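This report concerns only the one structure given below.
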């Protein structure tokens, strides 16, 4: 692994820089008034059972990910949206009640906590059933996300019973290569822990989903593509859905630290296109492959020259919803595509930093 400017090493940023940026990652403990307000909600296109639909997405304000307090992942700044302390059952309930006023019966519901839904420090145990029950008879599927250490069959079974529908559990695998997870992403568990957690989700009657990160720091553009394609092939043996998430710049992260020093560029959309086309061919039959990039088409997210971005991102969304990736091989060309190729050709000439 190497950096684009060749002056900072993985050891440097994963250690001292990670600790430095973590100092302002967690907000001060929130007031009771803060705890009554969810972070955000919106609706987005999705597919469910092969049919297109709309998903209702809710971010609750909870304590957030415990790993962000200890070391944190190099690209994650979601701790800034947390309460800064554990929320009570009553506070979680009020957030959900407020969100339900905006719910319009969408069949697909996604609930995030900027951490792990199954961590009792984030979502109290009684709150889980209450949240799922609030959508009973309305939502066909409920998606939550968690770190692997909090997954057990009983958690998933209980949530499924409370909903009376399908449960999907997302795990932030990021990469199926242990060295990339440890040195570039700064994760606290190896790929095997995510694969084992996926098996527990299945045994609990749920559907496991994995997030795969495109271009964590210290990887070149070409290394990032190859890492994600390999991860698709390996992870598709364990997960029902794989979501490729290109890195976008979040405040208070190692990635932003590197970006401000000219040491990191978010991935090209052309890289995402290649990754999806090749990944679709590499995945196990029946595994769903999607990508709905955050901050796509601007300089802090996956982007090209900013003139061809919108059309390409629309094509990526269409392929994700239809699961037909053939059209991505026939996209209109753009002059920036040659620059993308040229930069990759020059990457091997950069000095090694590992």
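Every number here is computed from the coordinates shown, using simple stated rules; none is lab data. Everything numeric in this text was worked out from a predicted model, so none of it was measured.
Details
- Value of relative contact order over segment 10-349, rounded to a whole percent, pairs C-alpha under 8 Å and six or more apart: 14 percent
- Value of [θ]222 nm, deg cm²/dmol, for the chain, DSSP H segments ≥ 4, -39500 (n - 2.57) each, nearest 500: -10000 deg cm²/dmol
- Gyration tensor (alpha-carbon) shape descriptor, segment 134-283, a/c threshold 1.5: prolate
- Largest-first principal axis extents of the Cα set of the chain (Å): 57, 44, 36
- Counting only alpha carbon atoms, the long axis of helix 125-134 and the longest principal axis of the chain meet at about 90°.
- C-alpha long axis of helix 191-203 to longest principal axis of the chain, angle in °: 40 degrees
- Against the main long axis of the alpha-carbon atoms of the chain, helix 269-282 sits at an angle near 70°.
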